[in-house]
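The values are calculated or read from the model by the stated rules, or taken from the named source; none is laboratory data. No experiment lies behind these values; they were computed from the predicted model shown. Heads up, the Cβs are rebuilt from the backbone with ideal geometry, glycines too, and the neighbour counts pull from every protein chain shown.
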Amino acid sequence: MPTDEITVMLVDDHHLVRLGFRRMLEDEPGLRVVGEASDGHEAVELAAKLKPAVIVMDFALPSMKRRGGHADDPERCAGGCDF
């Protein structure tokens, strides 16, 4: 993997949304989509395995709302989020 390449993981419960983002991002030089997840729990496991530089994530995932994972809770944002 080239050092100037930015790896991206996509997380959304809608396959067509992930597909749209993938197509847009793959057209950009220097970006590579390395994985996709359809829920928050899958995303956590996949992110630990793939270690992408960027995660494009729907923060309104149904599975995360039930478990209390919300974008407005910085304590739950791994790596520190700037809200």
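Based on what the data block shows, is ASP12 modelled with pLDDT of 80 or more and touching a helix residue (DSSP H, G or I) at 6+ places or on another chain (Cβ under 6 Å)? Yes; evaluated as a whole, the condition is true for this residue. Within the range 1-13, the set of residues being under 20 Å from LEU61 (Cα atoms) and either assigned to a strand (DSSP E or B) or over 13 Å from the mean Cα position of the chain (by Cα) (or both) comprises VAL8, MET9, LEU10, VAL11. Any residue at all in the range 54-64 that is surrounded by fewer than 15 Cβ atoms within 10 Å (Cβ to Cβ), small (Gly, Ala, Ser), in a helix (DSSP H, G or I) and at pLDDT below 90? Scanning the range 54-64 turns up at least one residue that is surrounded by fewer than 15 Cβ atoms within 10 Å (Cβ to Cβ), small (Gly, Ala, Ser), in a helix (DSSP H, G or I) and at pLDDT below 90. Can you pull out every residue in the range 25-41 that is in contact (Cβ under 8 Å) with a residue 12 or more places away in the chain and either basic (Lys, Arg) or in a helix (DSSP H, G or I) (or both)? Residues satisfying the conditions are LEU25, ARG32, GLY40, HIS41.
Within the set ALA43, ALA37, the sole residue that is surrounded by 15 or more Cβ atoms within 10 Å (Cβ to Cβ), of a type in the set (A, V, I, L, M) and either modelled with pLDDT under 95 or farther than 16 Å from MET57 by Cα (or both) turns out to be ALA43.
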